[in-house]
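The values are calculated or read from the model by the stated rules, or taken from the named source; none is laboratory data. Note that the structure is predicted; figures quoted are calculated from it, not measured. Here Cβ is always computed from backbone atoms with ideal geometry, including for glycine, and neighbour counts include all displayed protein chains.
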């Protein structure tokens, strides 16, 4: 009985979900592909280069898979707001301890370089691209993998 009520309600909610704007679709398309980490600063501390260079971020649609040395260690869904100034990104982990939490951040995408500055889960969004000691922010810079570069 409950299923007969829930399925039509779910179908109605899906039908009413807003369609992404053309601007948002274009911006999300710019994020697609494989990105290799080039720097990673957390709470004022630099991550060693050998670790940084082993990290990739693969974007397919609104899904992101993080890998280290080719092995997946995290998956998430992203929501972009390219109209915000600076542009914002929200990240929701697919599983693990952060599953029901939102990581709020800023991003800038300049050519084949992506810069992300994120707060700890469920914390307020950063206001600047920095990760100083005590602020509990992470500043990451990625370069698009050569095979995914746009002409």
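Any idea which residue in the range 122-140 is surrounded by the most Cβ atoms within 10 Å (Cβ to Cβ), counting only those that are in contact (Cβ under 8 Å) with a residue 24 or more places away in the chain and more than 12 Å from residue 39 (Cβ to Cβ)? Only one residue fits best here, namely 137. Please indicate, with yes or no, whether at least one residue in the range 13-26 is in contact with a strand residue (DSSP E or B) (Cβ under 6 Å, 6 or more places away or on another chain), at pLDDT below 95 and in a helix (DSSP H, G or I). No, the range 13-26 has no match at all. Of the residues screened, residue 143 is one that is within 13 Å of residue 57 (Cβ to Cβ) and in contact (Cβ under 8 Å) with a residue 60 or more places away in the chain.
Only residues that are touching a helix residue (DSSP H, G or I) at 6+ places or on another chain (Cβ under 9 Å) and modelled with pLDDT under 95 were counted in the range 92-121, giving 2.
Checking each residue in the range 137-151 for being at pLDDT below 95 and touching a strand residue (DSSP E or B) at 6+ places or on another chain (Cβ under 7 Å) picks out 145, 148. For the range 71-90, filtered to residues that are more than 20 Å from residue 21 (Cβ to Cβ) and within 10 Å of the chain's Cα centre (by Cα), the residue that is surrounded by the most Cβ atoms within 10 Å (Cβ to Cβ) is 76.
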